[in-house]
Amino acid sequence: MKMDHMTERAVKQELPELWNLLNATFHADWRDDFESADSALAEALIGYSPPDLSRVHHEVSGLLAGHHTDEHFSRFFDVSGADLWGESELGISGRAFAELLHTLTSGPLDQDRPTVNPAMRGLGTMERPHGPHDSPEGMVD
């Protein structure tokens with residue numbers, strides 16, 4: 001994939017399994033449903049069959065084999081269509097997130113230990129920013 005000129009459409013066409021994982025997991029309301037990015041990702045991956053994990057793994061492997069920069073990976077996740085605020089929300093670089101996805105999709109996840117990769121613990125556990133709708137001052141009567 002040419003990382004310099006990518007669009008969401010290109011990501012969806014060239015990496016459909018990864019696009020689906022990212023967009024199904026990090027949809028517009030995921031922050032309402034999960035405390036952190038790692039818990040959202042863990043729950044999503046639990047539902048994947050070994051063949052599905054293998055397809056995502058293969059696509060992520062192809063991305064990593066391209067020897068792209070952190071900036072390219074950050075741009076990739078920005079244009080993927082997923083509602084994810086990159087490094088500020090994940091707490092790791094775009095490349096590190098791709099490497100984490102690569103590791104997590106290398107085999108089935110244990111139902112009792114969904115966050116099997118120690119690097120995933122703490123992913124995206126930063127306190128989310130509060131908007132005006134979250135504070136009493138911003139509430140409308």
Solvent-accessible area of R55 with every protein chain in place, 1.4 Å probe, in Å² to the nearest 10: 100 Å²
Most packed first (mean Cβ within 10 Å per residue), the peptides 67-79, 35-47 order as 35-47, 67-79
Extension gain S54-H67, at 0.36 nm per residue separation less the Cα-Cα distance, in nm? 2.6 nm
Run the accessible area of the stretch 44-88 with a 1.4 Å probe and give the carbon-and-sulfur part as a rounded percent. 55 percent
Please report the net charge: other residues with Cβ closer than 10 Å to the Cβ of D83, K and R +1, D and E -1. -1
Measuring with a 1.4 Å probe in the full set of protein chains, what accessible area per residue, in whole Å², belongs to the stretch 20-86? 47 Å²
Using only alpha-carbon positions, what ratio does the radius of gyration of the stretch 1-110 give when scaled by 2.2 N^0.38 Å? 0.98
How much net charge surrounds E17 when only other residues with a Cβ under 14 Å from its Cβ are counted (Lys, Arg +1; Asp, Glu -1)? -1
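The values are calculated or read from the model by the stated rules, or taken from the named source; none is laboratory data. Values in this document were obtained by computation on a predicted structure and should not be read as measured data. Reconstructed Cβ throughout: ideal geometry from the backbone, glycine too, with neighbour counts over all protein chains shown. Remember, those area values only see protein heavy atoms, side chains included, never the ligands or the DNA or RNA. Shrake-Rupley method; radii C 1.70, N 1.55, O 1.52, S 1.80 Å.
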